[in-house]
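S.K.: Next up is a structure, given as structure tokens.
The values are calculated or read from the model by the stated rules, or taken from the named source; none is laboratory data. Keep in mind it's a predicted model, so treat the numbers as computed, not measured. Cβ: placed from backbone, ideal geometry, glycine included. Neighbour counts: every protein chain shown.
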Amino acid sequence: MDFFVPSAETRSQAESVFTSIGNHVSAPSQEKRIHKIEWKHEGDTCQCEVGKPLPTIFRNDETVLAIFDCGDVLKVCTPNRGAIKFDPIHANKSDIVSIAFFD
């Protein structure tokens, strides 16, 4: 799947929004862009995918805007969890079951 950021109308706009969110959550430069992840969270298996709502365990139906690889942790960002305010959702790399990247 080609890289996108929800609501961005052009590739240029998607790149700009992605970079801005990454700066906000102190993410390093991303060589590969993450499309979706699956991981163990509090005993449950969760899946987050860019463009889809968060899993119900997070009690929030916001859309995932971006996922960043930040070393030992992946940061899942939604409008109110990482993109604009508050902290992103953290998925420890040791709990990752699978990662899919954009083409």
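S.K.: How many of the residues making up the stretch 52-70 are closer than 11 Å to K36 by Cα and among the aromatic types (F, W, Y)?
M.R.: Going through the stretch 52-70 one residue at a time, the tally reaches 1.
S.K.: Answer yes if at least one residue in the stretch 76-90 is polar (S, T, N, Q), touching a strand residue (DSSP E or B) at 6+ places or on another chain (Cβ under 9 Å) and farther than 18 Å from S16 by Cα, and no otherwise. Give the steps one after another, and end with the answer.
M.R.: Step one: of the stretch 76-90, the residues polar (S, T, N, Q) are 78, 80.
If we keep only those that are touching a strand residue (DSSP E or B) at 6+ places or on another chain (Cβ under 9 Å) as well, we get 78.
The next check asks that each one be farther than 18 Å from S16 by Cα; those that pass are none.
Within the stretch 76-90, none of the residues are polar (S, T, N, Q), touching a strand residue (DSSP E or B) at 6+ places or on another chain (Cβ under 9 Å) and farther than 18 Å from S16 by Cα.
S.K.: Out of D69, D87, I need the residue that is out of contact with any Gly (no Cβ under 9 Å at 6 or more places or on another chain), of a type in the set (D, E) and modelled with pLDDT of 95 or more. Which one? Give the steps one after another, and end with the answer.
M.R.: Values: D87 fails: modelled with pLDDT of 95 or more.
Criteria check complete, one pass: D69.
S.K.: Now for a separate question. Of all the strands (runs of 3 or more DSSP E) wholly in the chain, which have at least 3 residues that are buried (at least 17 other Cβ atoms within 10 Å of the Cβ) and free of Cβ contacts under 8 Å to residues at least 40 places away in the same chain?
M.R.: Values: elements: 34-41, 44-49, 66-69, 73-77, 89-92, 96-101.
No strands (runs of 3 or more DSSP E) qualify here.
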